[in-house]
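Visitor: Take this structure first; my questions come after.
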Amino acid sequence: MISIPIGNLKKTIGVLDMSDEEETQEPPAEDEVKALGWQRQPIVAVLGHVDHGKTSVLDHFRSLGSERQASVMDREAGGITQHIGATEVPAKILNETCAAMTGGKDFNSPGLLFIDTPGHHSFTSLRSRGGALADIAILVVDIMEGLQPQTIESLRILREKQTPFVVAANKVDRIHGWRTEKGRSFIESWANQRDDIKQFFDERYWKLLGQFSEHGFNIERYDKIRDFKSNLAMVPCSAKDGEGLQDLLTVTVGLAERFLDERLRDTLGDGEGTVLEMKDERGLGKTIDVILNRGELNLGDTITLVGADGPFSTHIKGMFKPRGMSEMRDAGDRWEACENAVAACGLKIVAPGLENVLAGTTLRQTNTPEAKEKAEHEARKEASISVDIAEEGVVIKADTVGGLEALAFELDKLEIPIRMATIGPVNKRDIITAQCAESELNQIILGFSVKGNSEVQPRLQGPDADIKFIGADIIYRILEELEEWRETTQAEIDAAARENLVYPGHLLYLQDHTFRNKGPAIVGMRVLGGRVHIGQRIMKRDGTAVGQIKSLRNRSSEEVKEGRQGDELAVAVMGPTVGRHIEEGDEFWVDIPASHAKRLRKIELTPIEEEILEELTILHRKEDHFWGR
């Protein structure tokens, strides 16, 4: 590895505000931190487009030193980070890794706390929370692909949150002919590339520069910057081969220490953090993983959290920190108990009543009545889910506030209305709500990272499922399956409209022929007159809607599409409950659309079909004088 004197580094990139005469400062003891408000470690958010290498960058950082951890990316659904995670990289590892870049000088920071944020472009809410948490960010961009929609969304969030950031121009190894070397700095790598390869790089670099410029940002290769306040530092790197990542760490820490000094001394006062997720840990019960980004927390503190119904307070019974460089989601048994924690750090907290806490919301220390009153006011605002609800639409579920808002964000772009949006497993109420949707295209439940609870999960599976359920851990897979299902369903609706007029039909619910009470109700019926088809709606003689026919089976249990006068069929009807809405002995009529009634009068019907049509016409014209005209 090439050694770059600290004086040259100052002259070249101007990141570290240290001189040769300065002595390296050792991080203070924890009591000194409280007394002095010592600089805490910067919180670094990693953002960017899906598949551009965010988690690969973090995986490399976790592999540094003797305490390396296995790849988190392999454990994520589809290789895409779906929830915010956190990893602490200690100062010792930072200083060892960046020694060649800093000439052996140590950083002031006690380390870095990385937040690995979801990469899919719809994670606006979660990424916004990550941006608010972060002191500085790394925006990962594939140098071969340039800015993509998710990258642009990340730029919007960073600008909105006024978060300083460094651009990691990843995947330089994809430039044809580029020679990488594990752990090598970019400066050394650049010096060893052929001139024609440098030209290929410059072509990509100038294209990237132009794209950033279009969005109001000036980027410059970090080793050429003279003014870091006017230009964004771009660090070329290869997360795959580990080249240029020591440069990325050096620039990130250096910028944070140089420009965020006051912010990083915010280690005093009431503790405040973000809840990553709630877990049920064996031996501990319900716990929450938290990023403490401000102040401090102590064992026994009162804390106010955000639940689905608003704020609630509890007290800390236990606190644990991940040991070494464990990623919080994968720390396993690598946790150490602690009585005090100072920002910034990742914590696992044990407390009573955590069942209803909403992931992605704020934890606030509230040991005084004044602090509690203020915290509850803020918590009420957080508890409100920003999803537009319509009278008619689909049902959506998710395991976090951010996930729910992200799914709603995608559906809004597809102009798919939402009737109900809630957090947690699919339950009985969700199924009933979906079944009651007027449009067949809305009779569906979409679940992001959730399944049914123990009562309803069996009812969501198999060909006899109560309702269509699409669930996945990746949003775009939900959307793909939804699009396919809607196309198929719409095609079936269109085919029925083209090929089958809704003919008059009169049905009798036979005595002692109840096979299933609801969801759908399956009962034996005789066709007294006319005909009946799958998909048709039936009603009572007084006009009360009963439900929609989902299937018809003959006496041989064979599924048929149509029943005619005299047929006895097992009829599955979605909507009613036997004993509440319908009874044995009831008579039903096929509910004919007004447009079909007009067409039916132009074709030849049987006398009984004509009689049924006339009865329906009289009934409907009590409400609409022009029905069927």
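Laboratory data are not the source of any read-out in this text; all were calculated from the coordinates shown. Only a predicted model underlies this, so the values are computations on that prediction, with no experimental measurement involved. Counting neighbours? That spans all protein chains shown, and the Cβs are built from the backbone with ideal geometry, glycine included.
Visitor: Neighbouring Cβ atoms within 10 Å as the yardstick, rank Glu405, Glu480 fewest first.
Guide: Sorted ascending by nearby Cβ count, the order is Glu480, Glu405.
Visitor: What list of ³J(HN,Hα) couplings, whole Hz, do you get for segment 146-156 from phi and the Karplus terms 6.51, -1.76, 1.60, once you set θ to phi - 60° and write x for glycine and proline?
Guide: Result, ordered by residue: x, 6, 10, x, 5, 5, 5, 4, 5, 4, 4 Hz.
Visitor: Okay, next question. In nm, to one decimal, how far is the modelled label at Tyr476 from the one at Trp206, with both set 7 Å along Cα→Cβ?
Guide: With each label point 7 Å from Cα toward Cβ, the separation is 3.1 nm.
Visitor: Separate question: Using the Kirkwood formula on the Cα atoms of segment 482-629, what hydrodynamic radius do you get, in angstrom to one decimal?
Guide: By the Kirkwood definition, the hydrodynamic radius is 15.8 Å.
Visitor: What FRET efficiency comes out for the pair Asp261/Asp309, r = Cβ-Cβ distance, R0 = 41 Å, nearest 0.05?
Guide: Efficiency for this residue pair is about 0.50.
Visitor: Rounded to the nearest 5, what is the percent of antiparallel bridges among the DSSP beta bridges in segment 410-549?
Guide: 60
Visitor: Within segment 534-556, whose backbone N sits under 17 Å from a point 7 Å along Cα→Cβ of Lys622?
Guide: Within reach of a label on Lys622, which here means backbone N under 17 Å from a point 7 Å along Cα→Cβ, segment 534-556 contributes 539-546.
Visitor: Can you give the local net charge around Ile431? Use residues other than it whose beta-carbon is closer than 14 angstrom to its beta-carbon, Lys and Arg +1, Asp and Glu -1.
Guide: +4
Visitor: Going highest first, how would you order 552-559, 572-579, 221-228 by mean Cβ packing within 10 Å?
Guide: By packing density, highest mean first, the sequence is 572-579, 221-228, 552-559.
Visitor: How much space per residue, in cubic angstrom, does the convex hull of the C-alpha atoms of segment 143-231 take up?
Guide: Hull volume over Cα atoms, normalised by residue count, gives 109 Å³.
Visitor: Taking Rh as the Kirkwood radius computed over C-alpha pairs, what is the Stokes-Einstein D of segment 426-533 at 4 °C in a medium of viscosity 1.567 mPa s, expressed in µm² per second?
Guide: Estimated diffusion coefficient is 80 µm²/s.
Visitor: Ok, one more. Spelling out what I want: for every residue of segment 476-484, take phi, set θ = phi - 60°, compute 6.51 cos²θ - 1.76 cosθ + 1.60 (Karplus), and round to whole Hz; glycine and proline get x.
Guide: 5, 6, 4, 5, 4, 5, 4, 4, 5
Visitor: What FRET efficiency would be calculated for the residue pair Glu611, Asp280, taking the C-beta separation as r and a Förster radius of 56 Å, to the nearest 0.05?
Guide: About 0.35, to the nearest 0.05.
Visitor: Which order results if Cys345, Cys436 are arranged by neighbouring Cβ count within 10 Å, fewest first?
Guide: Fewest to most other Cβ atoms nearby, the residues stand as Cys436, Cys345.
Visitor: Take every Cα-Cα distance within segment 272-382, group them into 10 Å bins from 0 onward, and report for each bin the whole-number percent of pairs it holds.
Guide: Histogramming segment 272-382 at 10 Å steps yields 15, 52, 28, 5 percent.
Visitor: Between Cys436 and Lys451, what is the spin-label point distance in nm, taking each point 7 Å from the Cα along the Cα→C-beta axis?
Guide: Once both label points are built, they end up 2.8 nm from each other.
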